[in-house]
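Contents: one structure, followed by commentary.
The values are calculated or read from the model by the stated rules, or taken from the named source; none is laboratory data. Worth saying up front: this structure is predicted, and the values here are computed from it rather than measured. Because the Cβ atoms are built from the backbone with ideal geometry, glycine has one as well, and the counts that use them run over all protein chains shown. Surface accessibility is based on the protein's heavy atoms, side chains included, excluding ligands, DNA and RNA. Shrake-Rupley method; radii C 1.70, N 1.55, O 1.52, S 1.80 Å.
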Amino acid sequence: MKSLFKPALAIFLFVLIISVPDSNAQVKSPEEFFGFKPGADRELFNYQPLIDYLKLLDEASPRIKMIPIGKSPMEATIYATFLSSEENINNLDKLQHINKELAINPNLSVPLYNQYIDEGKVFILATLSMHSTEVGPSQSAPLVAYEVATTNDPELLGWLDDVVYMMVPCHNPDGMDLVVNHFNSTKGTKYEGGNLPVVYHKYVGHDNNRDFVTLTQSDNRAVAKLYNQTWFPQVLVEKHQMGSYGPRYFVPPMHDPIAENIDEEVWNWTWIFGSNMAKDMTRDGLEGVSQHYLFDDYWPGSTETALWKNVFGLLTECASVQMAKPIYIEKNELRTIGKGMGEYKKSINMPLPWEGGWWRLGDIIDYELSSTWSLIKTGAIHRKDILVARNSLCKGEVEKGENQPPYFYIFPKKQHDPGELANLLELLDEHGVSVFKTNSKLEIQGKVVEKGDYVVPLAQPFRAFIKEVLEAQKFPKRHYTPGGEMIKPYDITSWSLPLHRGISSFPVTAKGELNVDKLTKLPFPIDNTIGSHGELKYLIFPANWNESFKMVFAALQKGIPVKRAKGAITLADAEIKAGDFIIPFRKKDLETWHEWGEAAKSIPLSTNEEIEGELEDIKLPVIALIETNFHDMDAGWTRYIFDTYGIPFTSVKPGEVAQSDLTKYDAIIFPDNDKNVLLEGKYKRSGGAYSIPPIDPKYSKGLGKKGLQKLLEFVHEGGNIVAWGRSTQLFFGAQSITHSETEKEEFQLPVNDISDQLGKQKLYAPGSLLRINLKQGHPVTLGMPKTANVFSRGRPVFATSIPYFDTDRRVLATYPEDNILASGYAENEELLAGKPAIVWAKKGRGQFVFFGFYPQFRASTAGTYKLLFNSLFLK
């Protein structure tokens, strides 16, 4: 096998037309099919040709089988491609059953266990190029499949007897087409290899690899289902690319910190696979392979969330080119970042550095092929031990759940937002977690648990995941040296599902307080109906339900009148709270109610009485969403939330504002973005100089002075602006509006951002969940509890002042005096005590709402969605 996979000899893969063993069909090589060698300079194929070629191999070869596994957000079919021996392909159903039994059955009989260990195979799930500018893994997929289909090499054939390589040839089909089409449109121009001017996904771009706890995106749900519910592979590798200036390749093990809930055996297996890749790739003459560098594994959210399901989750990262455009790197330009290597020098974490020179897509392909064969070989060598480990981990997690607290999590059925509880429990089911209901009223740890409350036992095979996502997070602090600098988080530090969603729950920490025989397993979907029925005149949608806003927007768009209560109203059969929505129940709207009812998690209240009280008419707001061309993920997440809740909006680029008629909008939304990107279309470096973005200049126009002027005029004349994160800085400090050639008004809003000052005092919140206290009764806070948890990166933090002229302000939420951190990690958070977290401001006839946090962060903070939704209805 050595000579077969040396990169120097890999060219034979592209030129042969070989009869497939045991088949009369002739198989085109990838080069013949695509018209170029995959990996050739400046050449890329897009998604459908990739799938067409793999289908061709599927039809011709008994060693390949493709199955559809789901749809992308833009409706492309996603496939898993199984590569193995003919016998294994013919027995996939049987092998799938063995996988499932070893993964989630802790009570196998000895004869069955021995049979499964003898007959089972190692399944390695590889997900390729979810980040679509990282083109190499998907471009290598045809070469891997072609080699498996056509090889006569006894060593590879022997490995395939023991391993099934499950390849998702492209995790993100929508992004692949966007990137490839953009590259091809610029090929041969000076902008070849420049940045794509949109996110490479329908919504979330790079953040698709932050979605594997919440599973909001359909492509991620398709992939996660493979290890949560259907195929239960023992090994997973997600193949990525990284920056161009550092090591050529990264393989496990990861750097500290790591997740403490994951069993040590899982981590030890990542060493085995990673070390074998490093050894085999270096043997193949590939330089710059690194380990234990930059990337850590303490947080779930990536495809490797499979680690919390007892899967040996692996990550590979290859140095990038400019899509398919070669780059030349001088030796002095090579450097390291992050943790694991302080210098770009020979070290235990990179024993054979690359010395610089030309770097091409073809090089990336060579590294991908070598790492793939190494993974398959390692799986084959350790087949029995891997299968034994999988069932051992299953048993061990169940035993931990039986003998280590917490033993259960209790979710009361009565919640501030019952629809969000239903969403959470259904998400757990999607993750392969069993949920139960109590059969009777109980008292547990001094708390009353009602009949029908929900219970999640931790004595389950996926205990590590259950505990991780239901508890408050405590960051695993690790240091480079004893007492030295702390290793900082790679990404966020909080992901607790109940705390992010505003759901009340509590752990059962005393053994014997609750037994499973007092519970009934919950079927899905959940029937979470609440409310009264009978003859109806009005439907009442509570302001504290996120789902109410979905129905209100649907009704408004169909011309159904909606009113909102300005105060509490008591009826004989219902209690209406301030902010609740009231919709007349009309026979002509029955179809609308039927459509909504089929998807609803909660049934609204209803009344047959006439409603007397102070009500206001609600109209459909006309909304503009500001979205830049700079891979604007936060705007993409906002689009996703708006689409999910049926909120109509128009995306507007910053460079379009100056020429737009803003008077047609009621509200303009500014998701988090850099002030300089919004204003100038450029990033500003720490020294004050602007950085020129690698994008065609026609896509990099900012608001400019005219655009900012239009926005200020928009507010002055009665429009509303909602902003959060760094975008709020656009509107602070000295501002001016030119009303005419002779009249220029200067003003300053009575609010500013003091986060830079607090940063100098060492405030640090690297993606943390913080507590706030909310002012009740304001239109922005209707339906919210008195306290809430908000997702913050430590900026902005507001301070207000006494207003002048036609400005005003109100503080709508503040951080508490103590106990500020709800989940995750922060340093010196006491500096936030008493500081404003939400500020409403007025200028002229218009309004601003400024959030010092992300009200919709990665679609994971349902507990604060209502703050955003309410802001859209301000009058």
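Annotations for the structure displayed:
- A protection proxy built from the mean count of other Cβ atoms within 10 Å ranks the segments 701-712, 657-668, most packed first, as 701-712, 657-668.
- Cα convex hull of region 620-711 - mean projected area over all directions, nm²: 6.3
- Alpha carbon convex hull of region 134-176, projected area averaged over orientations, nm²: 3.4
- Placing unit charges on each Cβ (+1 for Lys and Arg, -1 for Asp and Glu) gives region 397-474 a dipole about its Cα centre, and among SER434, LEU458, ILE444 the Cα reaching farthest toward its positive end belongs to ILE444.
- Amide H to amide H, with H built 1.01 Å from N, LYS474 comes under 5 Å of GLY824, counting only residues 5 or more places away or on other chains.
- Sorted on the mean count of surrounding Cβ atoms within 10 Å across their residues, most packed first, peptides 855-861, 111-117 read 855-861, 111-117.
- Residue by residue, region 215-220 carries 3J(HN,Hα) couplings of 6, 7, 9, 5, 5, 5 Hz when phi is fed to the Karplus relation 6.51 cos²θ - 1.76 cosθ + 1.60 (θ = phi - 60°); x denotes Gly or Pro.
- Its alpha carbons give region 208-248 an Rg and a Dmax of 13.3, 40 Å.
- In range of the label at GLN48: residues from region 71-88 whose backbone nitrogen is under 13 Å from the point 7 Å along Cα→Cβ: 76-77
- Protection proxy ranking, highest mean first, for peptides 49-60, 410-421: 410-421, 49-60, where packing is the per-residue count of other beta-carbon atoms within 10 Å, averaged.
- When every Cα-Cα distance of region 559-681 is counted in 10 angstrom steps from zero, the calculated P(r) takes the values 10, 29, 27, 20, 11, 2 percent.
- Placing unit charges on each Cβ (+1 for Lys and Arg, -1 for Asp and Glu) gives the chain a dipole about its Cα centre, and among ALA635, GLY356, HIS240 the Cα reaching farthest toward its positive end belongs to ALA635.
- Computed on region 260-358, the Cα convex hull volume stands at 127 Å³ per residue.
- Net charge over other residues, Cβ less than 12 angstrom from the Cβ of PRO353 (K, R count +1; D, E count -1): +2
- Pair VAL448, VAL110: separation of 7 Å Cα→Cβ label points (nm): 5.1
- For region 701-825, Kirkwood radius (reciprocal of mean inverse C-alpha pair distance, Å): 16.7
- For a modelled paramagnetic label at ASP756, 7 Å from Cα along Cα-to-Cβ, the residues of region 672-707 in reach, with backbone nitrogen under 17 Å, are 673-680, 683-691.
- Within region 117-249, the proportion of C-alpha pairs whose separation exceeds 21 Å stands at 51%.
- Cα centroid of region 430-482 to Cα centroid of region 271-341, whole Å: 33
- Volume per residue of the C-alpha convex hull in region 423-523, rounded to whole Å³: 149
- Unsatisfied cross-links (Cα-Cα over 25 Å) in the set LYS451/LYS566; LYS710/LYS842; LYS100/LYS441; LYS786/LYS875: LYS451/LYS566; LYS100/LYS441
- A Stokes-Einstein calculation at 37 °C with viscosity 0.692 mPa s, built on the Kirkwood radius of region 373-418 over Cα pairs, returns a diffusion coefficient of 234 µm²/s.
- Whole-percent carbon and sulfur share, accessible surface of the chain, 1.4 Å: 49
- Length available on full extension from THR189 to LYS71: 0.36 nm per residue minus the Cα-Cα distance, which gives 39.1 nm.
- Local electrostatic count, PRO604, Cβ distance below 10 Å [Lys/Arg +1, Asp/Glu -1]: -2
- Computed on the chain, with alpha-carbon pairs under 8 angstrom and 6+ residues apart, the relative contact order is 10 percent.
- Sorted largest first, the spans of the alpha carbon positions of the chain along the three principal axes are 83, 72, 63 Å.
- Under 5 Å, built H, 5+ apart or other chain: amide partners of VAL797: ILE754, SER755
- Above-threshold pairs, the threshold being 24 Å between Cα atoms, out of LYS521/LYS601; LYS414/LYS521; LYS706/LYS866; LYS71/LYS377; LYS437/LYS467; LYS558/LYS601: LYS706/LYS866; LYS71/LYS377
- Principal axis dimensions, region 696-741 - Cα atoms, whole angstrom, descending: 34, 30, 20
- Taken about its Cα centre, region 464-515 carries a charge dipole of roughly 80 debye when the Cβ of each Lys and Arg holds +1 and the Cβ of each Asp and Glu holds -1.
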